[in-house]
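Following: one structure in structure tokens, then a few remarks.
The values are calculated or read from the model by the stated rules, or taken from the named source; none is laboratory data. Fair warning: this is a prediction, and the values are worked out from it, not measured in the lab. Cβ coordinates were reconstructed from backbone atoms using ideal geometry, including for glycine residues, and neighbour counts include every protein chain displayed. Accessible surface is based on the protein model in full, side chains and every heavy atom, while ligands, DNA and RNA are left aside. Shrake-Rupley method; radii C 1.70, N 1.55, O 1.52, S 1.80 Å.
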Amino acid sequence: MFGKLSWSAIPLDQPIPLITSVVLILTILGVLGLVTAKGWWPYLWREWITSVDHKRIGIMYCLLGSVMLIRGFADAIMMRSQQALAINAPGYLPPEHYNQIFSAHGTIMIFFAAMPLVIGLMNFVTPLQLGVRDVAFPTLNSVSFWLTASGALLVNVSLFIGEFARTGWLPYPPLSEATYSPGVGVDYYLWAVQISGVGTLMTGINFVTTVLKMRCPGMTYLRMPMFCWTVLAASLLIVAVFPILTATLAMLSLDRYFGFHYFTNTAGGNPMMFVNLIWAWGHPEVYILVLPAFGIFSEIFSTFSGKPLFGYRSMVAATLFICIVAMMVWLHHFFTMGAGAAVNTAFGISTSIIAVGTGVKIYNWIFTMYGGRVRFSVPMLWSLGFIFTFVIGGMTGVLLAVPPADFLVHNSMFLVAHFHNVIVGGVVFGLFAGIDYWFPKAFGFRLHEGWGKAAFWFALVGFWVTFAPLYILGLQGMTRRLQHVNIEEWRPLLDLSLVGVGILIVGAVCQVVMLVVSILRRDELRDVTGDPWDGRSLEWATPSPAPFFNFAVMPNVQGEEAYWDIKLRAVESQQLSPEPRYEPIEMPVNSPVGFYTAFFATVTGFALIWQIWWLAGLGLAAAFAGFVVFAWRDVHEFHVPAEEVARVDRARRSAREALLERLGQQGAAT
Amino acid sequence: MARRAAVGLAAAGLGGCARGVLDPVGPVGADDSAIFFDALMVMLVIVIPTILLAFWMAWRYRASNPKAEYLPNWSYSGRIEAVVWSIPILTIMFIGGIIWIGSYRLDPFKPLPSKSPPLEVQVVALDWKWLFIYPQQGIATVNQLVVPAGTPVHFSITSASVFNVFFVPRLGSMIYAMPGMVSQLNLQADRPALLFGQSAQFSGDGFSDMQFQVRSVAPAEFQAWAQAARGAGPMLDPAAYAQLMRQSQRVSPVTYGGVDPQLFQAVATQAIGPGPGPQPENPSHSGREVSTGGRR
């Protein structure tokens, strides 16, 4: 009846997961109770859960990513403290638990923290920057989000029902095959990633379509803000490579569930095929994460230098160059499998060639500052911290691309330090910068500057104190994923790294305090103009927070920096453009189909993990029924009356007039 | 020589630990780490000025600096574009040359140039220990590798269960041990030394203790050791190998006085099936042997 599921799946004998689960369950129940007591359900259901507004979905993505970032960080704290404690000692986490933690850390950080945060910002920003009212497929967007949330939920369910994978974040066979991993851990990994992967693939399709088909009048390709270009490149990569991930994991599932032999080490299976396929997805995945971060930095360097981006066209070229070459480098993850000199040479060179595109971008950002008026606001600090950190991470990356050098440090702590260097220094810094930058557009008030700066400095210093020792440990021969360490000489550096984690914890606390303080003092941090940073692209033409229809009238773009041109014209003529004729707007109606589908996807995933076949069939049928019902829907849009549009836009215009007056006075003063 | 000095200096600077990959005791490790440093130096020449330029630019053009001119529309310069594309391209061409030459010269499969014929060692990665078979000597060891100093060693490496990586940090290049496949690795220790080897690919619950001693000894001593081992101690017969295939952790070094010369071939071609993995009657967290095997 319940497949492999029984009471023994609950880890009653293991205090750490048990206590964590109990605390988590109580927290969730507390939140649900509060929402019920306050009567917030109708609001949440109407405005958020069933919302197809790209901004709301973006915010929910960011919320999901932030919560998972904390979860993944908790795993990281446990890993670093275990290694510091387990030097010629067992530490406090036995291997069967420690191995789950590092696997969960990687899986959560990539799939459920970094991806949702990146996709969240893509969602929030792209339509605003393109001057349109939503993405191409708004309901599909909601489905994507809820499927991602479904995957995240399954990973966390593994904490208290069963176990998570003990195979690393990429479950290499044969270790991940049923023979060597008979438990449900790998199955949790497979279905969580599969379900969220479907969501990500649909996001990719959605954003390729949005950027290609949904630009406002005058927004030609070469007038799109840099961020939109990076979103296009990342989405193209998603569409190209997520099917590989899905197929690869499906093959592994067939091996595990039905005794197929794709990747087994018997009966003609070939585990190396998995390694090739998974990295054919896995390396482009890195660029799916980092390209939008590059876009964020491009916006920030330009805005906070008060100048257009230097070498816009060469940035576009570099982005597309990276997008294409990203798919030709996967083998550098296993130079040490003995492919031979010719193969290693080809992939080593293709890998280092990517650094050309990245190097050009770095120089273009630097020259964007040339002749500028650089303001060291929080987003700019993250961006400068990024250049410093990322350049070093890129350098160690090119070192790892040199096969004979890689032969010494493959799978070592040097590698661990390298990829954290680029993912934390590139992606995470970029996300923090982007969140700080676009937060006022989402909520109508800025984040507190002092706490934001504190968070930045603690994160930067904490990052280097944590990871610089790992570089050295790698050179001393320490491999990754050690549950305990048998070499006493590594103790000082492991301890130092733990100190770094302590500093990072302070930085994380600063972020939380920043959020709380900003909410409490939102009135003094209020952005009344809609343009808090003296921005240059169209999202700053809207009020903060942006109305659900984004633009009362579609903008008509006439140059590379759409909003900057409008602003300049207004400042020169000392008046806003004449009031347009307001017309009714059609907006997509809300839909529960995303939430509904994801609910049954979760049920299906859980049933497949525990091999409760009837429930899997039921969940799948119910999820499919949701699509069928949705497909027969008659009403797709509702009308916003012209008066409502006019009312919202006149409020915006009066705020702009006040801004214009202030700018005029400043102009007169200088 | 200057390069060697730079390597030594950097190794000393990196925490003073004289045991890592930057303190090699053999020619492969020395060449690998020399390439590591060549590539690092080439890039530092670019990276350090770039970082300095970034900080200088941000500081020079800070909004509060009245002396810096403001060029609100300056966003293109063909000359600068040419330079910013050229610098990374030239660097990468240089690095590409290092990659090309280095990959061929240090291909792990390539035999090392030497007057003496190489010692053959067959390596089988097991859950969770290493089996070393000396076909020429007719002996085998577990978690203990003894090699003659100054003689190249040709390793043939496979796995009897999951992926592992054979890695002796101070000898140089590592390579995967994979079931159903044989990878090859040529290493040499230049002088007698006591080293540690390990697996560099996570392989399950016993992975952290998948370490082995490496003793590089004088050739005569090696001969004496092999002679003494031969015929002494247990034999690696099918029953003993079946026992080895079962999962176990922290296995003490063992020397077998005899071994089936076809054993490695049988494992690599999977004529002998792979290890059974976790057994219900022998869960992985128990069955731990009390020893300091594989530990330094």
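Compared with the dominant principal axis of the Cα atoms in chain A, helix A:271-305 is inclined by about 30°.
Once the dipole of region B:119-268 is set up with Lys and Arg at +1 and Asp and Glu at -1 on Cβ about the Cα centre, which of B:Ala218, B:Ile175, B:Gln265 lies farthest towards its positive end? The Cα lying farthest towards the positive end belongs to B:Ala218. Backbone geometry of region A:94-101 corresponds, through the Karplus equation with coefficients 6.51, -1.76 and 1.60 at θ = phi - 60°, to 3J(HN,Hα) couplings of x, x, 5, 8, 4, 5, 5, 5 Hz, x marking Gly and Pro. Of the beta bridges in the protein assembly as shown, as assigned by DSSP with both residues counted there, near 65 percent are antiparallel.
Computed from Cα positions, the angle between helix A:593-609 and the longest principal axis of chain A comes to roughly 10 degrees. Surface exposure of region A:121-226, expressed per residue as accessible area with a 1.4 Å probe, stands at 22 Å².
For B:Asn164, the residues whose amide H sits under 5 Å from its own are B:Ala177, ignoring neighbours fewer than 5 places away on the same chain, with H placed 1.01 Å from N. Across the cross-link table entries A:Lys307/A:Lys567; A:Lys307/B:Lys67; A:Lys55/A:Lys441; A:Lys38/A:Lys441, which are compared at the Cα atoms, the separations over 19 Å belong to A:Lys38/A:Lys441. At a 1.4 Å probe, which residues in region A:332-355 are at least 30 Å² less accessible with all protein chains present than in their chain isolated? Correct list: A:Thr336, A:Met337, A:Gly338, A:Ala341, A:Thr345, A:Ile349, A:Ser352.
Per residue, the Cα convex hull of region A:390-431 amounts to 48 Å³. Protein heavy-atom accessible surface, 1.4 Å probe, per residue over region B:119-268: 27 Å².
The mean sequence distance of close C-alpha pairs (under 8 Å, at least 6 residues apart), as a share of the length of region B:119-268, puts its relative contact order at 31 percent. Counting only the heavy atoms of the protein chains, how much of A:Tyr262 is accessible to a 1.4 Å probe, in Å² to the nearest 10? Roll a 1.4 Å probe over it and A:Tyr262 shows about 80 Å². For region B:119-268, a crude dipole built from +1 on the beta carbon of Lys and Arg and -1 on the beta carbon of Asp and Glu, taken about the Cα centre, is about 200 debye to the nearest 20. Note on region B:119-268: Cα-only Rg and Dmax are 13.9, 39 Å. When DSSP beta bridges are limited to those with both residues in region B:119-268, what percentage is antiparallel, rounded to the nearest 5? About 65 percent, rounded to the nearest 5.
Relative contact order for chain A: 17 percent, from Cα pairs under 8 Å spaced at least 6 residues apart, divided by residue count. Reducing region A:368-386 and region A:96-123 to their Cα centroids gives an inter-centroid distance of 29 Å. Annotation: A:Arg522 carries an accessible surface of approximately 100 Å², with a 1.4 Å probe and no ligand, DNA or RNA atoms counted. Cβ-Cβ distance of A:Arg313 and A:Leu620, R₀ of 45 Å, FRET efficiency by 1/(1 + (r/R0)^6): the value works out to about 0.40. Per residue in region B:188-217, which ones lose no less than 30 Å² of accessible surface when going from chain alone to all protein chains (1.4 Å probe)? Residues meeting the cut-off: B:Phe196, B:Gln198, B:Ala200, B:Gln201, B:Phe202, B:Asp205, B:Phe207, B:Ser208, B:Gln211. A protection proxy built from the mean count of other Cβ atoms within 10 Å ranks the segments A:36-43, A:116-123, B:51-58, most packed first, as A:116-123, B:51-58, A:36-43. Accessible area of A:His639 (1.4 Å probe, protein heavy atoms only, ligands and nucleic acids ignored): about 120 Å². Helical runs assigned H by DSSP (4 residues or longer) give the protein assembly as shown a calculated mean residue ellipticity at 222 nm of -19000 deg cm²/dmol, each run adding -39500 (n - 2.57) before division by the residue total. Separation of region A:25-50 from region A:494-551 is 24 Å, based on Cα centroids. Cβ-Cβ distance of B:Asp237 and A:Phe419, R₀ of 41 Å, FRET efficiency by 1/(1 + (r/R0)^6): the value works out to about 0.35.
Chains B and A together bury some 8200 Å² of accessible area, summed over both sides, with a 1.4 Å probe. Remark: mean inter-chain Cβ contacts per residue of A:92-103 equal 2, using a 10 Å Cβ-Cβ cutoff to other protein chain atoms.
Heavy-atom surface analysis with a 1.4 Å probe gives the protein assembly as shown a carbon and sulfur content of 68 percent of its accessible area.
Within the listed set B:Pro179, B:Pro280, B:Pro113, the Gaussian network model of chain B (springs between alpha-carbon atoms below 10 Å) gives the highest mean-square fluctuation for B:Pro280. Couplings for region B:87-92, taken from phi via the Karplus curve 6.51 cos²θ - 1.76 cosθ + 1.60 with θ = phi - 60°, read 4, x, 5, 5, 4, 6 Hz in order; Gly and Pro are left as x. In region A:487-512, the residues that give up 30 Å² or more of accessible area when the other protein chains are added, compared with the chain on its own (1.4 Å probe), are A:Ile487, A:Glu489.
The mean count of C-beta atoms from other chains within 10 Å of the C-beta of residues in A:301-313, rounded to a whole number, is 4.
Each part reduced to its alpha carbon centroid, region A:179-258 and region B:246-265 end up 46 Å apart.
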